[in-house]
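Q: Handing you this structure, nothing more for now.
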Amino acid sequence: MTAHADMLGEFELVVLLAVLRLRDDAYGASILEEIARKTRRPVARGSVYITLDRLQATGLLGSERGEPTPIRGGRAKRYFKLKPRGLRAVKRTLGDLGRLQEGLQPLLEGA
Amino acid sequence: MKRRPPRLALALLSCAVPEGAREEIEGDLIEEFERHRRTRLWFWIQAVSISWSYRPRWSLPRANVSTLFNDAWSGARSLRRRPAFALAAGALLALGIGVNAAMFQWIDALWNRSLPYADADRLVRVFHSREGSRESLSPPNYFDLTGEREVFERVAGYWSPSLTLTGDAEPEKLLAATVSHAFFEVLGIAPLIGRSFTPDDDRPGASPVAVLGHGLFERRFAGDRAVVGREILLDGTAVTIIGVTPEGFSYPAPGTELWVPLRLPRDRPDQGGSPYRSFRILNVVGRLREETSLAQARARLSSLSDRLSREYPDSNQAFELEVADLKEVERGPLRAPLFLLGGSLFLLLLLVCANVSGLWIARLLARERELAVRVALGASRARLLRELLAEGLLVSLLGTAGGSLLGTWIAAGAREAAPAGLPVPDVLEKGSLYPIVFLAILLPIFLALASAPAVSGSGRNLSNSLRPGGRVEGGSARAGARRVLVVFEMALASTLLIGAMLLLKSFRALEGVDRGFRGENVYFTSVELPFTRYRESHRRARFFEDLQERLRQAPGVERASISLGLPLDPRAEFFVTRSPYSVEGRPEPEAGRKPEAALHVVGPELFETLGVSVRRGRGFDARDHRDAAPVVIVNESFARAAWPGGDPLGKEIHHDLVLLPDDASRRRVVGVVSDFRYYALEREPEPQMYVPHGQSPWPSMHLLIRASADRDSLHAQVREIVRDLDADVPLAPLASIADVGQGVVAAPRLRARLLTGFAAAAAFLASIGLYGVISFSVASRTREIGLRVALGARRDEVVSLVVGQALRLALAGGGLGLLGAALSTRWISSLLYGVGPFDPWSYASTAGTLLLVAALASYLPARRALAVDPTTALRSE
């Protein structure tokens, strides 16, 4: 079964947050780096690209092609930006998570 | 040097990653590779891991038992809805598997039957080889070989005479083996009852003993274990039975039932100028020491054979000792026929797979819309694929079950119908699993390959395939796959066709060989005189003279004579001694380089009996008795080789070997007879010498009778005459020389028939495949054809449209098949006679057959295309 478009999986949320943080400089490699730096977890490169593709296909992310540069072997970057629907999905998921956490602080801190 | 990302890794990415994301991913990787000075290994790891993430998800259906059951269930329902496919594919598979299982059982039994011995890898045969032909060893050379302790654990010598068992029951002729004492030890065979031979049994003058074969033990002695210690009469001599071999043991020849010790003297004075070392009569089998390799054994024996040729140049110079793996020797003659049989069966099985896959694709094409609808309604591709595979596997199971049953029947039937002369394997219970295992691996691959595009394509082109009259992109891909399958089928069929044509042609050539003698109405049997009572040569000569004389007067007998060997008898080689010779009027060849010719013993009138003409001089008659001047008759090949262009009559021949101790070795030529095929049909006549029986009265001879009487009454007469002369002489049933001649071509005939059958089946299967493709293509191009007709295309243009497609497919397959045949015929070239492996006639007629098949397969579709009514076709748009 395919998940409802606006219910984000954990990794989808992570990717979308990384894109938000990077503002105008969100492309594959920078997103990967950002996630690795903030989550302090090794990230499979392929799963990031796959997730970006999926989020774009479901209409949460938009992308535009940048200029090809020599250091990239003449290949262009693809810059990602959240679409309004994507932003709504992030807000809603974070809100859901926040509400789910309410009253759990003592438990969570003890863990 | 500028750093470059690995190109192959980039290529991998471009294969695995979809177009839209590829540029960005590659760019990211290259950028990081440059900026952070990553290694090429790092790049590879990234590329592989990304490619893995983008692997097609539907190709790994994960399923649990209940979904598998569901899949199988819906597969079965779907098969029931369209039983024609299930029946056709199931029947095809059953037939393919059945024939294969039956035949592979034979191949398995024939191939693995040969060496049921412990540590068979260490068993070798030793030959005297001269210019590539292998001969037996002389007793002194064999004794020298037994001294090679560093090479052999044990060595044994043997030869196979036939012995006559007399006593209370009817005299019986047995195939025996005279063996040295180590024989059973070498082969690692322990007697079932009693003991095997000891060195004491093997000494000259030791009291005679024998080991019985299991078959003889059961047949003649009713399996009574008390038989050990009893005495039997063999060729008139009392022999003590000391043991019985285990069941199934019959080395050295199938049918051997009795083993007696060789009791050879180490040395013997030369007889009539022929040295002991030139009596090459012993076959040698040895067991290598555990630490000795075949190569080491070869090296050791090569120095032994150098020594022998230095010390005994006149008997050993031209010869070398050759060591060969026993397996290789025993299986050698089987290799080509079994390769042919197994190879063609394999091709046929491939063809069946291709055909079933073709049917499968056709079924998918027909279900295009159903699949599209199911995807549209939310069925997952993995689910669809699983269901399709389950359906395919159900059909395979059906076919396998039917095939196993059919295989058992065919195996039983083939065993019944096996032509005489074909070795029938003893073990047939063990069913062969090869074809089934093979199919179990192959068929799912075929089906998966065939199904994949159906499932992956059905989602994308949904709207297109749902539209009435619309076709999907995947459909044409599958039609393409089907064409490839048909080309493949055509290739397989043409390879088999060429093989069949070559074998048929060889068989015809073999059958058409001029044998040089007339075997019709000539009957034979063998007569063996017990040596003990016919010790004196004049008694033996007298017996056979009387026998022939009385036979000639019998009613219905036209001619009667005797001969040591029989032409074209599979054992002909065994009955004939080859002797080096020199002739008068020609320089004496140097020792060891003398030419050799077969030395026959024949009675008067043999040539007349066989219809062989005496070209010069005379045949043998009553004049040629023991006390008369020694004479010989030669064949034309001998005359040509010995006195090219000269007159052989009256010339003297000196042959080094003599058959009986006091035989003459210098003889004058009194006649020349025409050549005839003696050893085998495919062997050109070789030089032969014929000695009159009166001057070399050998005790066991074949009796040959040309008669107008029928076989049964003739046998009764012969039996009466023999009994009258000596009641203790056994007489085998009469057989006809013509039957022997038929037996010689039995194996080539069987091969040719089998392969022709296979090829016909292959051509039939391929034509069905082709028909399917062509008729589908016509059906899907109805509108195009209608349009062409509406625009004024002529009938012949429409026909050539259809037939042309069939021809292209057939020719493409045919071309591949010819190539395949050209590559594989060298394996069967040893089975060919009178035709080369690249016989243009066979290749051309195969091409012709393929064209015929293509024409037939496109006949119906072409008629259908011609019947297309342009208005209807266009209206359906």
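Q: Could you put B:184, B:620 in order, starting from the residue whose Cβ has the fewest other Cβ atoms within 10 Å?
A: The most exposed by this proxy come first: B:184, B:620.
Q: Still on this structure, I have one more. Which of the helices in chain B, when you take each full DSSP H run, stretch at least 18 Å along the axis at their Cα atoms and have an average Kyte-Doolittle score of 0.5 or higher?
A: Helices passing the filter in chain B: B:40-53, B:83-113, B:326-366, B:381-417, B:434-460, B:473-511, B:737-780, B:795-828, B:840-866.
Q: Restricting things to Cα coordinates, could you compute the convex hull volume per residue of chain B in Å³?
A: Values: hull volume 240.1 nm³, N = 877.
Dividing the Cα hull volume of chain B by its residues yields 274 Å³.
Q: With a/c under 1.5 counting as rounded, go ahead and sort region B:504-546 into rounded, prolate or oblate using the C-alpha gyration tensor (a ≥ b ≥ c being the square roots of the eigenvalues; past the cut-off, prolate if a/b is larger than b/c, else oblate).
A: Prolate shape, in that a/c is at least 1.5 and a/b is the bigger ratio.
Q: Going 7 Å from the Cα of residue B:224 toward and past its Cβ, which residues in region B:250-269 have a backbone nitrogen under 17 Å from where you end up?
A: Within reach of a label on residue B:224: no residues.
Q: Would you please give the residues with an amide H less than 5 Å from that of residue B:263, counting only those at least 5 places away or on a separate chain, with H modeled from the backbone geometry?
A: So residue B:263 has HN proximity to no qualifying residue.
Q: Debye sum, Cα scatterers, region B:137-288, no solvent: what log₁₀ I/I(0) at q = 0.08, 0.14 1/Å?
A: -0.23, -0.68
Q: Something else about it: Please compute the net charge surrounding residue B:176, taking Lys and Arg as +1 and Asp and Glu as -1 over other residues with Cβ under 11 Å from its Cβ.
A: Working: positive: B:173; negative: B:235, B:257.
Charge balance near residue B:176 sits at -1.
Q: Ok, one more. Using only the Cα atoms, what convex hull volume per residue in Å³ does the protein assembly as shown have?
A: 304 Å³
Q: Given labels modelled 7 Å from the Cα in the Cβ direction, how far is it in nm from residue B:851 to residue A:97?
A: According to this spin-label approximation, the distance is 7.6 nm.
Q: Can you give the relative contact order of chain B as a percent, counting alpha carbon pairs under 8 Å and 6+ residues apart?
A: Values: 1481 pairs, mean separation 133.4, N = 877.
The value is 15 percent.
Q: Would you mind giving the mean number of other chain beta-carbons within 10 Å of the Cβ of each residue in B:29-39, as a whole number?
A: Mean shielding by partner chains, rounded to a whole number: 4.
Q: Find the relative contact order for region B:578-731 and round it to a whole percent, using C-alpha pairs within less than 8 Å whose residues are 6+ positions apart.
A: Once divided by the residue count of region B:578-731, the mean separation gives 30 percent.
Q: Add +1 for every Lys or Arg and -1 for every Asp or Glu among the other residues with Cβ under 10 Å from the Cβ of residue B:700, and state the total.
A: 0
Q: How would A:69, B:849, B:292 line up from fewest to most surrounding beta-carbon atoms within 10 angstrom?
A: Values: A:69 14, B:849 21, B:292 18.
Arranged by neighbour count, lowest to highest, A:69, B:849, B:292 become A:69, B:292, B:849.
Q: Give me the net charge for the shell around residue B:828: Cβ to Cβ below 13 angstrom, other residues only, Lys and Arg +1, Asp and Glu -1.
A: +3
Q: Can you put A:83, B:505 in order, fewest other beta carbons within 10 Å first?
A: A:83, B:505
Q: If you don't mind, there's one more thing I want to ask. Among the listed pairs A:38/A:83; B:594/B:651; A:38/A:91, which are separated by more than 21 Å between their Cα atoms? Display every interim value, and only then the final one.
A: Working: A:38/A:83 23 Å; B:594/B:651 18 Å; A:38/A:91 19 Å.
Too far apart for the 21 Å limit: A:38/A:83.
Q: Also, quick follow-up: If you look at just the Cα atoms of region B:174-258, how large are its Rg and its Dmax in Å?
A: Reported Rg and Dmax, both Å: 11.9, 32.
Q: Also, I was wondering about something else. Show me the three semi-axes of the equivalent ellipsoid for region A:1-102, from the C-alpha gyration tensor (sqrt of 5 times each eigenvalue), largest first, rounded to whole Å.
A: Over the Cα atoms of region A:1-102, the ellipsoid semi-axes are 25, 15, 12 Å.
Q: Considering Cα pairs under 8 angstrom that are at least six residues apart, work out the relative contact order of region B:743-877 and quote it in whole percent.
A: Worked out over region B:743-877, it gives 48 percent.
Q: If every alpha-carbon in region B:580-720 counts as one equal scatterer, what log10 I(q)/I(0) does Debye give at q = 0.17 1/Å?
A: Once normalised to I(0) and log-transformed, intensities are -0.98.
Q: Could you give the semi-axes, largest first, of the ellipsoid that matches region B:746-877, computed as the square roots of 5 times the alpha carbon gyration tensor eigenvalues and rounded to whole Å? Each step should come with its number before you reach the end.
A: Values: eigenvalues 321, 35, 22 Å².
Over the Cα atoms of region B:746-877, the semi-axes work out to 40, 13, 10 Å.
Q: How many percent of all Cα-Cα pairs in region B:765-814 sit more than 15 Å apart?
A: 48 percent
Q: Okay, moving on. I need the trypsin sites (Lys or Arg not before Pro) found in region B:117-194, filtered to DSSP loop residues with at most 11 other beta carbons within 10 Å of theirs.
A: Numbers: sites: B:122, B:125, B:130, B:134, B:149, B:154, B:173; in loops: B:149.
When the trypsin sites (Lys or Arg not before Pro) of region B:117-194 are filtered for loop state and at most 11 Cβ neighbours within 10 Å, B:149 remain.
Q: Report for chain B the percent antiparallel among DSSP-assigned beta bridges with both residues inside it, nearest 5.
A: 80 percent
Q: Nearest 5 is fine: what % of DSSP beta bridges in the protein assembly as shown come out antiparallel, could you say?
A: In the protein assembly as shown, DSSP labels about 80 percent of beta bridges as antiparallel.
Q: Still on this structure, I have one more. So if I average 1/r over every pair of distinct C-alpha atoms in region B:228-308 and take the inverse, what Kirkwood radius in Å does that give?
A: Here the Kirkwood hydrodynamic radius works out to 17.1 Å.
Every number here is computed from the coordinates shown, using simple stated rules; none is lab data. Please read these numbers as outputs of a predicted model, since none were measured by experiment. Glycine also receives a Cβ, built like all others from the backbone with ideal geometry; neighbour counts cover every protein chain displayed.
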